[in-house]
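Trainee: So that we are looking at the same thing, I have put the structure below in structure tokens.
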Amino acid sequence: MSSSQATAIAHPNIAFIKYWGNRDSLLRLPANGSISMNLGGLETRTTIEFSPEFSIDTLVINLQPVYGAGLERVVSFLDRVRGMAGQTWRAHVSSNNNFPTGAGIASSAAAFAALSLAASHAIGLNLDEAGLSRLARTGSGSACRSVPGGFVEWKTGSGDADSYAVRIAPPQHWALVDHVAIVRAVNKPVGSTEGHALAGTSPLQAARVADTLRRIEICRDAILNRDFSALTRIIEQDSNLMHAVMMTSQPALFYWEPASIALMKSIPVWRQEGLNAAYTLDAGPNVHIISPAQDSAAVQERLNAFPGVKSVLVAPVGGPARLASGAE
Ligand code: PMV
């Protein structure tokens, strides 16, 4: 065999119960469990080729060669994959997103979920869903949640072996839609890897972590019962809790823009007017507005007219990471 290649596709996810802080930053073992929904229509497609002819690993994202820290992160991930397979071949990785990189849409989640599947397949590792999710977690914590489809829970676990994501419900269980209101599309100043390392410097982090099980159970039940009011209450509180930790860490992290706050204040008013909509924000200023599919057109209309909203991405619930039928 002269070389071996595979292509995989994965969706980003939006966390309903957030992961913020690691107990082991090398293995990316989280301080707390989390829950998310995969974002259909938004995807990363990654092709990898391992070959004895290559002397170094190379990486191209959205047709641009990547060097420095971005490349190093992928090389150490590939070292892990090579170690698992007992292989030494270097690789060429080419990845394309159909959505903007950075600023609150978890591009690293889709990227490492797709890379885990493509790389493990190309190198001949036959990983089950839990094994793939564990591998993806070591590239980017939230990537473990982009491996299963639909609504997903990442169990904290006691160590590397049992810290992975499992499906709570399939995509067709509940027709929710995420509307990503883009208020700033440039890359965020402090990435989540650095942010996780600061979480413990906030005196609020311990209280947030201690309360996790309560939030996880309310959120899981809200999903299983398709209870949008309960989901709204818990995801808004959880997002605000994480941002309270961010804002009180040292140094402080302020991800919000004025338009983010304006949206967070308007959405409860929209609810009083009869619209089902709930907000949540990751490590960026863009606001994710979750609503049942029947409210989506009205939400889009309001967002398109909202001052400071530059564009809106609309995503239904997405499926699992999967291999593409042919290579690119
Ligand atoms: O997987 P990371 O290291 O990009 O961290 C993701 C952190 C948040 O998006 C803010 C929360 C989450 O659970 O996705």
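Trainee: Does residue 293 qualify as being farther than 30 Å from residue 61 by Cα, over 20 Å from the mean Cα position of the chain (by Cα) and in contact (Cβ under 8 Å) with a residue 60 or more places away in the chain?
Mentor: Here the answer is yes, as residue 293 does meet what is asked.
Trainee: Out of all the residues in the stretch 64-73, is one or more under 15 Å from residue 116 (Cβ atoms) and out of contact with any Cys (no Cβ under 9 Å at 6 or more places or on another chain)?
Mentor: Yes; the residues of the stretch 64-73 include at least one that is under 15 Å from residue 116 (Cβ atoms) and out of contact with any Cys (no Cβ under 9 Å at 6 or more places or on another chain).
Trainee: Now a separate question. Select from the stretch 185-202 the residues that are away from the ligand (no atom under 16 Å from the Cβ) and either among the acidic types (Asp, Glu) or surrounded by 15 or more Cβ atoms within 10 Å (Cβ to Cβ) (or both) and list them in ascending order.
Mentor: Within the stretch 185-202, just 185 meets the criteria.
Trainee: List the pairs whose first member sits in the stretch 26-51 and is under 14 Å from residue 142 (Cβ atoms), whose second member is more than 11 Å from the ligand (Cβ to nearest atom) and among the basic types (Lys, Arg), and whose Cβ atoms are under 6 Å apart, counting only residues at least 6 apart or on separate chains?
Mentor: The qualifying pairs are 29/23; 31/23; 33/155.
Trainee: Given (1) more than 15 Å from the ligand (Cβ to nearest atom); (2) in contact (Cβ under 8 Å) with a residue 12 or more places away in the chain; (3) surrounded by 14 or more Cβ atoms within 10 Å (Cβ to Cβ), where does residue 98 come up short, assuming only one miss?
Mentor: Residue 98 satisfies all of (1) more than 15 Å from the ligand (Cβ to nearest atom); (2) in contact (Cβ under 8 Å) with a residue 12 or more places away in the chain; (3) surrounded by 14 or more Cβ atoms within 10 Å (Cβ to Cβ) except (3).
Trainee: Let me ask you something else. Across the stretch 38-48, which residue is nearest to residue 226 (Cα to Cα) among those that are touching a helix residue (DSSP H, G or I) at 6+ places or on another chain (Cβ under 8 Å) and outside any loop (DSSP other than H, G, I, E, B)?
Mentor: Looking at the filtered set, the residue picked out is 38.
Trainee: A follow-up question, please. Can you work out which of the residues in the stretch 15-37 that are part of a loop (DSSP other than H, G, I, E, B) and among the basic types (Lys, Arg) is surrounded by the most Cβ atoms within 10 Å (Cβ to Cβ)?
Mentor: The selected residue is 18.
Trainee: Sticking with this structure for a sec: Applying the selection to the stretch 61-79, what residues are assigned to a helix (DSSP H, G or I) and over 21 Å from the mean Cα position of the chain (by Cα)?
Mentor: Scanning the stretch 61-79 gives 68, 79.
Trainee: So which residues in the stretch 108-159 are more than 16 Å from the ligand (Cβ to nearest atom) and among the charged types (D, E, K, R), if there are any at all?
Mentor: 128, 129
Trainee: Give the residue that is nearest to the ligand (Cβ to nearest atom), with candidates limited to residues of the stretch 1-14 that are within 11 Å of the chain's Cα centre (by Cα) and in a loop (DSSP other than H, G, I, E, B).
Mentor: Looking at the filtered set, the residue picked out is 12.
Trainee: Let me ask something else about it. Somewhere in the stretch 251-258, is a residue at positive phi and part of a loop (DSSP other than H, G, I, E, B)?
Mentor: no
Trainee: Separate question: Go through (1) part of a helix (DSSP H, G or I); (2) exposed (fewer than 14 other Cβ atoms within 10 Å of the Cβ) for residue 325 and report which single condition fails.
Mentor: (1)
Trainee: Determine, yes or no, whether residue 113 is under 17 Å from the mean Cα position of the chain (by Cα) and of a type in the set (A, V, I, L, M, F, W, C).
Mentor: Judged against the criteria, residue 113 is a match.
Trainee: Could I ask something else about it? Could you list all residues from the stretch 15-59 that are within 16 Å of the ligand (Cβ to nearest atom) and among the aliphatic types (A, V, I, L, M)?
Mentor: Of everything in the stretch 15-59, those that are within 16 Å of the ligand (Cβ to nearest atom) and among the aliphatic types (A, V, I, L, M) turn out to be 15, 17, 26, 27, 29, 31, 35, 37, 39, 42.
Trainee: Given the criteria in contact with a strand residue (DSSP E or B) (Cβ under 8 Å, 6 or more places away or on another chain) and assigned to a loop (DSSP other than H, G, I, E, B), does residue 309 qualify?
Mentor: In short, yes.
Trainee: Please report, ordered by residue number, the helices (runs of 4 or more DSSP H) entirely within the stretch 160-225 with at least 3 residues that are touching a strand residue (DSSP E or B) at 6+ places or on another chain (Cβ under 8 Å).
Mentor: Ranges flagged: 212-224.
Trainee: Considering 215, 208, which residue is buried (at least 22 other Cβ atoms within 10 Å of the Cβ), within 14 Å of the ligand (Cβ to nearest atom) and of a type in the set (Lys, Arg)?
Mentor: Just a single option satisfies the conditions, and that option is 215.
Trainee: Hey, among 209, 190, 166, 177, which residue is modelled with pLDDT under 95 and β-branched (Val, Ile, Thr)?
Mentor: 190
The values are calculated or read from the model by the stated rules, or taken from the named source; none is laboratory data. Given the structure is predicted, the values throughout are model-derived calculations rather than measurements. As a convention, Cβ positions derive from the backbone with ideal geometry for all residues, glycine included, and neighbour counts pool all protein chains shown.
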